[in-house]
Structure formats: structure tokens, C-alpha cells
1. Cβ-Cβ under 6 Å, sequence separation 6+ or interchain: first residue in segment 66-92 and at positive phi, partner in a loop (DSSP other than H, G, I, E, B) and open to solvent by 50 Å² or more (accessible area, probe 1.4 Å). Which pairs?
2. Checking the conditions here, which among VAL115, VAL91 is open to solvent by less than 60 Å² (accessible area, probe 1.4 Å), within 14 Å of PRO59 (Cα to Cα) and of a type in the set (Val, Ile, Thr)?
3. Give the residues of segment 94-106 that are open to solvent by less than 70 Å² (accessible area, probe 1.4 Å) and either under 18 Å from ASP129 (Cβ atoms) or at pLDDT 95 or above (or both), sorted by residue number.
4. Within segment 35-55, is even one residue modelled with pLDDT of 80 or more, among the aliphatic types (A, V, I, L, M) and surrounded by 10 or more Cβ atoms within 10 Å (Cβ to Cβ)?
5. Which one is nearest to ASP102 (Cα to Cα) among residues in segment 122-170 that are in a loop (DSSP other than H, G, I, E, B) and open to solvent by less than 30 Å² (accessible area, probe 1.4 Å)?
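The values are calculated or read from the model by the stated rules, or taken from the named source; none is laboratory data. Everything numeric in this text was worked out from a predicted model, so none of it was measured. Quick reminder, even Gly has a Cβ in these numbers, built from the backbone with ideal geometry, and neighbours come from all protein chains shown. To get the accessible areas, we keep the full protein, side chains included, count just its heavy atoms, and leave off ligands, DNA and RNA. Shrake-Rupley method; radii C 1.70, N 1.55, O 1.52, S 1.80 Å.
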Amino acid sequence: KCVTSSTRWTFYSAGRECQAVWEPAGEGGRGALRVLHSPLPRQADAREEPPLATIAVIPARYASTRFPGKPLHPILGKPMIRWVCERASKVRGLDRVLVATDDVRIRDAVLDFGVEAVMTPSTCASGSDRVWCAVRDLECDLVVNLQGDEPALEPRSVEALLGLMAEEAGLQMGTLAS
């Protein structure tokens, strides 16, 4: 594939300079942001504040009209939400992964497999609203909204997103999109 310089980014993640490239999708597929390498440690700026936490929040609700209970639906013997949490735990640069839900069944399942859960109001109109309710009182630099119905989440894509977010001063919350 031919990659132009306009699709290549340099960013810093975990104190290291990284480069990523956008790979367009093939026919019927999704494109992806691929981290190429991270060769050199970033030079610390004496004026930089010490970093706060980088948090991934996975919004999950039980009361879907199209597929009630989807986060707890088993895939190869595990609830879908567990697959998402396990993939999220592989993302380098995250300090914390938590599930934001309004349902005690989801909360209890998540706690049973060792992931933090936060109860949020059932009045949240969207997953982004649920994420905001989960983190609004937490001290953190970056928040990534991960989809609770994406069991094949690619950790490298989230790492690339975190790197891009870290470089953009006012960008504190992001979501992967395809």
C-alpha cells in the first residue's frame, strides 16, 4: 500500500515517541490506525505537570430494545462484556478500566471477573453520557470510551488513539470510530 505523509502521525505515548499510519479498509472492511514503532524516549519538560490517570470506560446497559441483556450474552463461554474488558486490559498506557452500567446484573458479573464497575443513572441518554457520569468526579487526564459490544477490540488501535489524544492539549475524551 502507498502511504502518504498526510496519513502518518508522530505522537508521544508513555514517554516514548511513536509513529502511526492510517491503513484504509479493503472492500467491505474497516480501516485501522496502526502504531509503527516507538524508538526514542521523550525528553521531559521541567514545566510538565505529573500525569494523572488514563482511564478506559466501557458503557454497558441491559435494557436494549434490539437485544436485551447483550453485555451478558455468552460468547465462547464468557459474557460479551468480559471479552471487551479482557481486550481493554491489554491496552498499554491505560491506568484503569471500568464498566459504567445502570444494571446490577452487569455490575455483579463485572465485579465477579475482577473489573471495576460504576453504577450510573438509567436516565443516561447515550454511552457517552454514561461515561461522563462514571468519570466526572475522578482525577484523570484522558478518558477513552470503549464500546461494550466490541469483543474483538484491537488494543493497538486504542493505544494509537491515546497517543493522538495526548498530543492534542484540549482533547480529554475520545472514542474509536470506524
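1. Every condition considered, the pairs that remain are GLY69/TYR62.
2. Working: VAL91 fails: within 14 Å of PRO59 (Cα to Cα).
Exactly one of VAL115, VAL91 is open to solvent by less than 60 Å² (accessible area, probe 1.4 Å), within 14 Å of PRO59 (Cα to Cα) and of a type in the set (Val, Ile, Thr), namely VAL115.
3. Quick first cut of segment 94-106, residues open to solvent by less than 70 Å² (accessible area, probe 1.4 Å) only: 94, 97-103, 106.
Scanning segment 94-106 gives VAL97, LEU98, VAL99, ALA100, THR101, ASP102, ASP103, ILE106.
4. Restricting attention to segment 35-55, the residues satisfying the condition of being modelled with pLDDT of 80 or more are 53-55.
Those left that are additionally among the aliphatic types (A, V, I, L, M): 53, 55.
Among the residues that remain, those that are also surrounded by 10 or more Cβ atoms within 10 Å (Cβ to Cβ) are: 53, 55.
Among the residues of segment 35-55, at least one is modelled with pLDDT of 80 or more, among the aliphatic types (A, V, I, L, M) and surrounded by 10 or more Cβ atoms within 10 Å (Cβ to Cβ), which makes the answer yes.
5. Kept after step one, since they are in a loop (DSSP other than H, G, I, E, B), are these residues of segment 122-170: 122-126, 136-139, 146-154, 168-170.
Next cut, open to solvent by less than 30 Å² (accessible area, probe 1.4 Å) only: 124, 146, 148, 153.
Working: CYS124: 9, LEU146: 16, GLY148: 13, LEU153: 23 Å.
Among those that are in a loop (DSSP other than H, G, I, E, B) and open to solvent by less than 30 Å² (accessible area, probe 1.4 Å), it is CYS124.
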